[in-house]
Amino acid sequence: MVNQETNGTQAVKHHQRHEGPQKHIVAFVFSIVLTLIAFAAVAAGGVNAAFTVILLLVMAVLQVLVQLGYWMHMKDKGHMIPILFMFGGFFVAFTAVIAALYWMWW
């Protein structure tokens, strides 16, 4: 896509940047590495269970951030409405879990 502006007597053309496959390849490799680390932590039976759970949660959060940022393009401009709806969904889900736990223990 080419945008054209007139700057006095000259026309200035602005090309929209295309990021190419390099960042997607890096994100894919990073996702595979995160998955392998999580798998290795579970497969190694001698690791402390609490450490394994914490490591899995950290790997899951990083995986979600990579998936949202690179594959769902949430890092790009113009995605504020989907991000707001996602945070709204997280808020509703968190509230439902807390309410269910409160109801069970009351």
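Things worth noting here:
- Apportionment of accessible area to carbon and sulfur, the stretch 31-89, percent (1.4 Å): 82 percent
- Overall form of the stretch 66-106 per C-alpha gyration tensor (a/c, 1.5; a/b vs b/c): prolate
- Residue 57 versus residue 86: modelled label distance in nm, points set 7 Å from Cα along the beta carbon direction: 2.1 nm
- If R0 equals 35 Å, the separation of the Cβ atoms of residue 24 and residue 49 corresponds to a calculated FRET efficiency of about 0.50.
- Using the alpha-carbon positions of the stretch 21-73, Rg (one decimal) and Dmax (whole number) come out as 12.6, 39 Å.
- Each peptide among 77-85, 64-72 gets the average number of other Cβ atoms lying within 10 Å of its residues, and from highest to lowest they stand as 64-72, 77-85.
The values are calculated or read from the model by the stated rules, or taken from the named source; none is laboratory data. This is a predicted model, so every value here is computed, not measured. With ideal geometry, Cβ positions are generated from the backbone for all residues, glycine too; neighbour counts draw on all protein chains shown. With ligands, DNA and RNA removed, areas are computed over all heavy atoms of the protein, side chains included. Shrake-Rupley method; radii C 1.70, N 1.55, O 1.52, S 1.80 Å.
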